[in-house]
1. Considering only residues that are touching a helix residue (DSSP H, G or I) at 6+ places or on another chain (Cβ under 6 Å) and not hydrophobic (A, V, I, L, M, F, W, C), which ones fall in the stretch 128-160?
2. For the stretch 35-59, how many residues meet the condition of being surrounded by fewer than 16 Cβ atoms within 10 Å (Cβ to Cβ) and either touching a helix residue (DSSP H, G or I) at 6+ places or on another chain (Cβ under 7 Å) or part of a loop (DSSP other than H, G, I, E, B) (or both)?
3. What number of residues within the stretch 107-137 satisfy the criterion of being in contact with a strand residue (DSSP E or B) (Cβ under 9 Å, 6 or more places away or on another chain) and not β-branched (Val, Ile, Thr)?
4. Can you pull out the helices (runs of 4 or more DSSP H) entirely within the stretch 62-140 that have at least 1 residues that are hydrophobic (A, V, I, L, M, F, W, C), at pLDDT 95 or above and open to solvent by 90 Å² or more (accessible area, probe 1.4 Å)?
5. In the stretch 13-33, which residues are part of a loop (DSSP other than H, G, I, E, B) and either touching a His at 6+ places or on another chain (Cβ under 6 Å) or surrounded by 15 or more Cβ atoms within 10 Å (Cβ to Cβ) (or both)?
6. Hey, among the residues in the stretch 219-274 that are of a type in the set (A, V, I, L, M) and at pLDDT 75 or above, which one's surrounded by the most Cβ atoms within 10 Å (Cβ to Cβ)?
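The values are calculated or read from the model by the stated rules, or taken from the named source; none is laboratory data. Since the model is a prediction, treat every value here as computed from it, not as a measurement. Please note: Cβ atoms are built from the backbone with ideal geometry, for glycine as well, and neighbour counts cover all protein chains shown. Just so you know, the surface numbers come from the protein's heavy atoms only, side chains and all, with ligands and any DNA or RNA stripped out. Shrake-Rupley method; radii C 1.70, N 1.55, O 1.52, S 1.80 Å.
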Amino acid sequence: IYDVYQEPSGQPWLFSITAPIASEKGIGLTKGLRLVSRVPVTQRIKYRVKSYPEYGMTDEILTPADRIRNLRLPLDFNPRTQELAETWLDEGLEPAQMVRRLFALFYREHSYTLEPGSYGTDSIDEFLFDRKRGFCEHFAQATVFLLRAAGVPSRIVTGYQGGEIHPDDNYLLVHQYDAHAWTEYWVDGRGWVMADPTAAVSPERIEFGAREFLDEEPEFLSDEVFSLDRLQDVEFLNWLRLRMDSINYLWISWVLGYDNDKQVDFLEGLFGKLS
């Protein structure tokens, strides 16, 4: 059980750990176990969640419409990737075997970078066979394209991976640079199976998080000139950053948690017992 303080996004999606339940008004749960708000989040909100990370959707059924949606491909593009998928099909590989073979290719030949440059029309072919440089979305796209070309329903999943535990106040800071993309593919009898190609090409990105792994990349936070997050290696400035965030956290937790009971407690502290 945990509380989430979410910044405005303009979107209805709410953040949580896997398999969430939230009983608060205005929050719903999709059939894919995603939390959604009844209205877009246009101001900072707080909600309480209970998650079940061990939950597995083994009884889920892939509807014909979902199967078509998760097999859709632009057939006239990336012919080399489609040919590779057909070759692996001819070898009789199961979906999990294809994923392992593709991830082994990523590990041997590809590299993770925030500045891969621009890709052309056949971007998957160019990424897989020529340039071999990209970040999490490139690896997720290539995985999904190849699996779909092999007739395996698959999809890209986006969210956040990692974060920073505040050393004094015991809460987790999740920044926009913790955004991440991975894949899921469908297996009858098991449901959606998660596969993260970034873990294959760059396990440090997953183990240590974006901030520590990308710290040496000159492009990391290059657009945030005045962000103290860029200066975490400077002891005093990092201490100042954490103190500022702690004050902000205490303030928003008090304001957003200022319900009827706390209002009564506050007034009784000033004026005594209220009738």
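1. LYS132, GLY134, HIS138, THR143, PRO153, SER154, TYR160
2. 15
3. Of the residues in the stretch 107-137, the ones in contact with a strand residue (DSSP E or B) (Cβ under 9 Å, 6 or more places away or on another chain) are 110-113, 115-117, 119, 127, 132-137.
Next cut, not β-branched (Val, Ile, Thr) only: 110-112, 115-117, 119, 127, 132-137.
Residues in the stretch 107-137 being in contact with a strand residue (DSSP E or B) (Cβ under 9 Å, 6 or more places away or on another chain) and not β-branched (Val, Ile, Thr): 14 in total.
4. Details: elements: 64-69, 79-90, 95-109.
By residue number, 64-69.
5. Filtering the stretch 13-33 for residues part of a loop (DSSP other than H, G, I, E, B) gives 14-19, 22-26, 30-33.
Across the stretch 13-33, the qualifying residues are LEU14, PHE15, SER16, ALA19, ALA22, LEU33.
6. Here is the first cut: in the stretch 219-274, the residues of a type in the set (A, V, I, L, M) are 221, 225, 228, 231, 234, 237, 240, 242, 244, 247, 250, 252, 255-256, 264, 267, 270, 274.
Subsequent filtering for residues that are at pLDDT 75 or above retains 237, 240, 242, 244, 247, 250, 252.
Working: LEU237: 13, LEU240: 13, LEU242: 18, MET244: 11, ILE247: 10, LEU250: 11, ILE252: 15.
Ranking the candidates gives LEU242 first.
Let's see how each residue does on (1) farther than 30 Å from LEU33 by Cβ; (2) not acidic (Asp, Glu):
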| residue | (1), (2) |
| --- | --- |
| LYS50 | no, yes |
| ARG67 | no, yes |
| LEU73 | no, yes |
| ARG80 | yes, yes |
| GLU86 | yes, no |
| LEU93 | no, yes |
| ALA96 | no, yes |
| ARG108 | yes, yes |
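Okay, residues lined up against (1) within 30 Å of LEU242 (Cβ to Cβ); (2) of a type in the set (A, V, I, L, M); (3) open to solvent by 40 Å² or more (accessible area, probe 1.4 Å); (4) assigned to a loop (DSSP other than H, G, I, E, B):
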| residue | (1), (2), (3), (4) |
| --- | --- |
| VAL152 | no, yes, no, yes |
| THR158 | yes, no, yes, no |
| ASN170 | yes, no, yes, yes |
| ALA181 | yes, yes, no, no |
| GLU184 | no, no, no, no |
